[in-house]
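**Student:** Please see the structure below; I have some questions.
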Ligand code: KG4
Ligand code: ZN
């Protein structure tokens, strides 16, 4: 396909963690979104940065090429190259950054840097119905948990965030304690479907304001499992044997997963409700990998109906890491003429 005159096309690259992704977007419409996931980390119980960088190196050319082919778009017709600059694993980010810069230089096109968390929020603008501004977004991923007040595509303010673990980490670390492979979030979701969420109760942290905390829940789950379900308070005399512990998990896995999920979801939604009341905003969105969780999606819709919110959740493929959200953010930055110099580099921890 050749470029129609007056249209704006973006080639976007995402490589902040363990997914290599590329997307083509024309006038804010996604034509392709290819994602190569790295299975190698499963056996290590978490993402191994060095292995992630190497896999990005292998995947980036076929993924970018695939995105261009799938869109049926000529590379020479692309108007700008957008890439995830921050935050993320530095080795992973550098692969995408260097590739994007090389392409921009070779094609003689402008370069656009994108903040990964801002892009998660804007994944809500990919498909109809799109939220009107201002909207609130609960962004829940493996590395972040934030409530963002979004006043226009590029005007955002973080009004609440986690003071320790992210929601995705809470899912993944709980799954690890249950002996489930990484990433454990989707597995907890799967087992929770047939479990009783009220069977076990984990404490809700009392954190003032709009911030979150998940470390207390994680510790409670650890003690609860060490005690084979007798208590979530640590007491030496309760300590179960390895066999007792394993048997308890095997026989109660569905109920344990449902109860863990219910607590993580209630922590998230209680703060989101508080944020909606404090700001008076009624357009409320979810974003990030954890928004793929079926328990969270259902409870979010139920809360939305009760609170008279207009609720939005991106399509599944735009919840976890993807380049379509980088492309849509790149599109809005292009409209503002917000381009980067070819000397820019990746940044593991850039401020918002
Ligand atoms: O946004 P994302 O793909 O990557 C980051 O930027 O971190 O989020 C990954 C996180 C992981 O912690 C993963 O376990 C979690 O999202 N996740 C889920 C589900 N699908 C992905 N957590 C709970 N339930 C799910 N269905
Ligand atoms: Zn992410």
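**Student:** Going by the alpha-carbon gyration tensor, a ≥ b ≥ c the square roots of its eigenvalues, is segment 41-143 rounded (a/c under 1.5) or, if a/c is not under 1.5, prolate (a/b greater than b/c) versus oblate? Write down the numbers at each step before the final one.
**Tutor:** Values: a/c = 1.76, a/b = 1.03, b/c = 1.70.
Here segment 41-143 falls in the oblate category.
**Student:** Find how many whole Å separate the alpha carbon centroid of segment 1-54 from the alpha carbon centroid of segment 89-152.
**Tutor:** Cα centroid of segment 89-152 versus Cα centroid of segment 1-54: 11 Å apart.
**Student:** Hey, if you drop one equal point scatterer on each alpha-carbon of the chain and run the Debye formula without solvent, what base-10 log of I(q)/I(0) do you get at q = 0.09, 0.10, 0.11, 0.14 Å⁻¹?
**Tutor:** The Cα Debye sum returns log10 ratios of -0.51, -0.62, -0.74, -1.11.
**Student:** Sticking with this one: Run through the DSSP bridge list for segment 129-313 and note the antiparallel percent, rounded to the nearest 5.
**Tutor:** Values: 12 of 20 bridges.
Roughly 60 percent of the beta bridges in segment 129-313 run antiparallel, per DSSP.
**Student:** Once you order the gyration tensor axes a ≥ b ≥ c over the Cα atoms, which shape class does segment 129-313 get: rounded for a/c under 1.5, otherwise prolate or oblate by comparing a/b with b/c?
**Tutor:** Details: a/c = 2.40, a/b = 2.07, b/c = 1.16.
Here segment 129-313 falls in the prolate category.
**Student:** Cut-off is 10 Å between beta-carbons; in what order do 214, 133 appear when sorted fewest neighbours first?
**Tutor:** Numbers: 214 25, 133 13.
Least to most surrounded, the residues fall as 133, 214.
**Student:** Among the DSSP beta bridges whose two residues both lie in the chain, what percent are antiparallel, rounded to the nearest 5? Working shown, then result.
**Tutor:** Values: 27 of 44 bridges.
Of those bridges, close to 60 percent are antiparallel.
**Student:** P(r) tail for segment 157-234, what percent of Cα pairs lie past 22 Å?
**Tutor:** Values: 808 of 3003 pairs.
Percentage above 22 Å: 27.
**Student:** Calculated from DSSP H runs of 4 or more alone, at -39500 (n - 2.57) each and per residue, what is the 222 nm mean residue ellipticity of the chain, nearest 500?
**Tutor:** Rounded to the nearest 500, it is -13500 deg cm²/dmol.
We did not get these values from a lab; they are worked out from the coordinates using the rules stated. Note that the structure is a prediction, hence the values are computed from the model and not measured. Quick reminder, even Gly has a Cβ in these numbers, built from the backbone with ideal geometry, and neighbours come from all protein chains shown.
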